[in-house]
Each structure stands twice: as C-alpha cells, then as structure tokens.
1. Could you list, in sequence order, the residues of region 433-444 that are of a type outside the set (S, T, N, Q) and within 15 Å of the chain's Cα centre (by Cα)?
2. Taking region 143-186 on its own, how many of its residues are of a type in the set (S, T, N, Q), within 20 Å of the chain's Cα centre (by Cα) and either more than 25 Å from T333 (Cβ to Cβ) or surrounded by fewer than 22 Cβ atoms within 10 Å (Cβ to Cβ) (or both)?
3. Considering region 189-203 alone, what residues qualify as being under 10 Å from P150 (Cβ atoms), in a helix (DSSP H, G or I) and more than 18 Å from the chain's Cα centre (by Cα)?
4. In this structure, does A230 turn out to be of a type in the set (A, V, I, L, M, F, W, C) and within 23 Å of Y310 (Cβ to Cβ)?
5. Here is a list of conditions, (1) surrounded by 24 or more Cβ atoms within 10 Å (Cβ to Cβ); (2) touching a helix residue (DSSP H, G or I) at 6+ places or on another chain (Cβ under 7 Å), and T133 meets all of them except one; can you say which number that is?
6. Could you identify the single residue in D389, D400 that is in a helix (DSSP H, G or I), within 16 Å of the ligand (Cβ to nearest atom) and either surrounded by 20 or more Cβ atoms within 10 Å (Cβ to Cβ) or not β-branched (V, I, T) (or both)?
7. Quick one: what pairs do we get from region 146-172, first residue farther than 14 Å from N109 by Cα and touching a residue at least 24 places away in the same chain (Cβ under 8 Å), second surrounded by fewer than 16 Cβ atoms within 10 Å (Cβ to Cβ) and among the acidic types (D, E), C-beta under 8 Å, 6+ apart or different chains?
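We did not get these values from a lab; they are worked out from the coordinates using the rules stated. Note that this is a predicted model, so its numbers are computed, not measured. Using ideal geometry, Cβ is built from the backbone for each residue, glycine included, and neighbour counts are taken over all protein chains shown.
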Amino acid sequence: MSDPTRPPAVGVLDQGPAITFPPGFLWGAATAAYQIEGAATAGGRTPSIWDTFSHTEGRTVGGHTGDVACDHFHRMPDDVRLMAELGLKSYRFSVSWPRVQPGGSGAANAEGLDFYQRLVDELLGHGIEPWLTLYHWDLPQPLEDAGGWPARDTAARFADYAQLVADALGDRVRYWTTLNEPWCSAFLGYGSGAHAPGRTDGADAVRAGHHLMLGHGLAVQALRASRPDAQLGITVNLYPVTPATDAPADADAARRIDALANRFFLDPVLRGSYPADLQADLASVTDFGHVRDGDLEIISTPLDLVGVNYYSRHVVAAPVEGEQPEAYWRAPTCWPGSEDVRFVTRGVPVTDMDWEIDAPGLVETLERVHRDYTDLPLYVTENGSAFVDTVVDGQVDDTDRLAYFDSHLRAAHAAIGAGVPLRGYFAWSLMDNFEWAWGYTKRFGMVYVDYDSQVRIPKSSARWYAEVIRRNGLAAQ
Ligand code: IFM
C-alpha cells in the first residue's frame with residue numbers, strides 16, 4: 001500500500017489527456033533467468049557467478065540467493081497463462097547460460113534447452129511474442145575462474161553460446177537481445193564489486209566492458225549468419241546526466257559520468273569508436289591496450305534495433321574534499337578515473353531503491369539516442385519501480401508503481417510525438433523477483449509474489465497495464 005505521507009510519485013510530467021500509441025506498438029513485460037527461475041541445480045544446470053556470489057556471506061541482503069526465487073522453472077505454464085490474462089503482446093526473458101551450456105563451453109545441455117523450447121512454445125501458443133535476452137548477468141562460474149569478462153576469450157565463449165541458443169530457438173524467436181545492461185556487468189561486477197563476481201578493479205571493469213561489447217558483436221555476426229530474419233539488438237541502461245549547477249566544474253563532472261555511463265557503450269556499438277574524452281579521463285586507469293585492431297568493427301556490426309532501459313537520472317557535481325557518494329550504484333568505485341565526482345540528491349520523490357523519479361528523463365534519453373546515434377527502431381526494454389507493497393484482503397494496491405508507469409508511458413508517448421521511432425515498451429518487471437544484491441527486499445513486480453507459498457497476486461498496476469494494452473494507450477486522468 002502507498003505511504004500517504006510520501007509526496008505523489010508523479011507530477012514531473014503533465015498528467016492528462018487520453019493518449020493512443022501507434023498501431024502495432026509492442027507491449028510487454030520483462031524478467032531475467034536468475035531473478036525468477038530458481039531450480040538452480042535442476043537438469044544439469046551448473047553455478048553461475050551469481051550463484052557463487054549470493055552464496056558468499058555478506059554479498060546480498062539477508063544472504064538471499066536465487067536458488068528458488070519465483071520457482072518459475074517449475075511454474076512456467078501457469079506464469080505464461082498469467083501473461084496471457086494480462087494481454088501481454090510480448091515477453092522478454094533471458095536464457096540462463098549455465099543451464100543450457102553448463103560450464104560455459106562445449107556441448108549444449110538438452111535438458112536445459114528443453115525448458116526454453118517449452119517456454120517459447122507456450123508463449124507462441126498464447127499469441128505472445130518471445131523476446132530473448134542471451135546474457136542477463138549469469139556468467140558460468142568456470143569462465144569467471146578463467147578470467148571472467150576482463151579476459152578476451154570470454155567474448156569468444158559468448159559467441160559460441162549464442163550460436164548454440166540460435167540453433168535451438170532461432171526458428172521460433174524473432175527478437176534477440178545480446179547483452180542486458182553491460183554497464184552493470186562491467187562496472188558493478190568488476191568495479192564496485194556490488195554485483196557478481198564482486199571484483200574491485202577499475203582497469204578490469206573497463207576491460208570487461210570492452211569484452212562484453214566484443215562478445216556482443218561476435219554474437220550478432222553469428223546470429224545474423226544463421227538467422228538472417230532475426231531482429232537483433234543490445235540493451236543498454238542509460239541515464240541523462242545533469243550538472244547540479246551552471247558551474248563549469250559541475251558541467252565537467254556531468255561530461256565525465258555521461259562518458260562512463262552512456263557513451264562508453266553507445267559510441268563503440270553505434271559509431272565504432274570510443275569517445276576521445278573518455279579515453280583521456282581513463283588515462284590513469286588503462287591505456288586501452290586491450291583494444292585490438294578490428295575490435296571496433298566487430299562491436300559496431302549493424303543492428304536492427306536498440307533496447308533502452310530507463311529508471312532515473314544522475315545529477316552530479318564537482319568533487320568536494322571529504323564527501324563520498326552513498327548508494328551502492330553511485331559508489332566511487334563504479335566510476336574509474338572519476339571517483340571523486342559527487343552524486344547529488346535533489347529531494348524529489350524517490351522509489352524504494354532511492355532512485356529519483358524523473359519521467360522527462362525518459363524523453364531526453366530516447367531523443368538523444370535517436371538524434372545523436374541512430375535511426376534504428378528503439379524499444380524501452382525495461383522501465384519500472386520498486387515500492388513497498390502490502391497485501392490487504394488478498395489485494396495489493398500499488399498506486400505509486402502505477403503512477404510511475406503512467407508518467408513514464410506519457411513520456412514514451414511524448415518521445416514518439418517528437419519523432420523518436422519507439423516501437424515498444426517492456427515493464428520491469430512482470431513479477432517480484434530476486435533484486436540482485438538487494439535479494440527479495442525490493443519489489444519491482446506488477447505481480448506480487450509470496451515467496452513462501454509462491455502464490456502470485458496481480459497488483460493494481462498489473463490490472464491497469466492490462467487495460468493500457470487493451471486500449472493501446474492511456475485513459476484521460
Ligand atoms: O532488476 C534489475 C534488472 O535485472 C536489470 N535492470 C534493472 C532492474 C532493477 O534494478
């Protein structure tokens with residue numbers, strides 16, 4: 001239930017008229033394998049870095065792990081029925097690499113693949129378009145033991161894995177995302193250590209980012225060769241980065257964080273080069289000697305679409321002696337070479353993650369990608385919010401989350417009006433799930449999950465979203 005003392009979660013964009021999205025707009029919801037599947041040892045699945053990390057004391061809140069999660073592995077047909085009841089046009093899920101290729105190399109695991117074959121068939125049987133993400137952070141542990149993403153060979157392993165999945169599912173899956181949020185894999189996984197594998201080395205984070213993108217490019221080439229009709233893309237998490245004041249030093253702080261958070265990935269993938277200012281900023285961290293001739297051509301292999309995950313904005317300021325950023329994802333070690341930049345809180349309403357609610361930032365982000373980088377179709381592949389939910393009489397009235405969705409969908413519509421070729425929107429998330437280092441303490445779902453009984457309860461936001469899909473738009477407020 002919403003906290004009546006908290007200021008309303010919307011109000012940053014005008015609320016109001018009924019709006020209609022273009023015909024064929026792809027309405028969906030997203031999840032990720034380790035966050036919902038559970039069944040961590042079923043059918044030959046071996047540990048990923050997230051199994052190891054979550055089983056290491058002190059890494060996740062309450063020592064929570066994805067061992068059981070939402071038990072989606074065993075409840076998949078019911079979960080797909082629920083998606084159909086909500087009227088989803090598409091479902092974005094990720095494949096667990098260690099389930100389909102235990103250990104991260106060698107032959108496919110037929111039992112693991114069978115789960116995704118059944119999932120895809122079930123979706124298609126309900127008229128729901130499957131949208132497959134190959135990598136949502138669950139690197140097989142043996143590949144981490146061999147060096148992880150900072151090691152170049154991991155990129156080649158990823159391309160082999162992509163081929164193996166394409167061989168099994170390419171006849172039925174049209175939409176493919178290679179990586180989900182490579183910034184998180186690289187900079188939370190190897191920089192701040194807040195995510196698996198929990199390493200804390202700025203140069204490794206930069207190398208990891210490069211090899212993730214190299215793996216992406218190699219995977220796109222493999223998929224394109226075997227499935228010419230597939231719609232191929234990558235999903236990046238983007239933030240508008242705003243200086244706290246007009247001071248030139250704050251503007252420079254914003255430039256630096258924008259380079260690390262956004263342009264680090266957008267420029268190589270969509271322009272085939274690293275930004276010169278980023279390389280200069282990182283001079284004390286790395287000489288980019290890990291970038292070999294030809295890498296950037298592979299990384300910028302043409303795509304069919306770009307996925308954007310949007311949650312919030314960064315407001316930053318020049319360093320002040322002795323002040324430290326607080327939240328884990330803003331921790332200095334996330335930002336190699338720019339550790340001293342301050343992240344400023346503006347006092348606007350926040351979600352349960354303490355992320356500022358900023359719907360206009362979605363318009364800015366989409367417009368920027370379209371204006372500065374590409375004419376390709378864009379999709380919001382994740383957008384959503386964590387709030388504290390309470391079950392009252394078997395119902396969850398999540399008005400804050402509903403308002404968040406409403407304001408961001410109005411922003412998405414405004415972006416389309418401004419000429420952005422936005423073709424779809426995926427709510428994060430279909431159901432409550434394992435929120436990484438936060439374990440089960442943060443709920444992002446439109447569907448409430450009782451982790452003891454595994455009962456699912458569609459929240460008010462789910463019923464509201466079903467109506468949005470039905471009318472292909474929003475009713476007047
Ligand atoms: O839960 C995550 C998801 O796995 C990736 N994008 C952000 C979500 C909320 O933190």
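1. F434, E435, W436, A437, F444
2. Number satisfying all stated conditions: 2.
3. Passing the criteria: only A203.
4. So A230 fails the test.
5. (2)
6. Only one candidate passes the filter, namely D400.
7. R172/D121
Listed here are the residues, each with its yes/no results for (1) closer than 17 Å to Y91 by Cβ; (2) surrounded by fewer than 22 Cβ atoms within 10 Å (Cβ to Cβ); (3) in contact with a Pro (Cβ under 9 Å, 6 or more places away or on another chain).
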position	(1), (2), (3)
F25	yes, yes, no
A32	yes, no, no
I36	yes, no, no
R45	no, no, yes
D51	no, no, yes
T56	no, yes, no
G62	no, yes, no
D71	no, yes, no
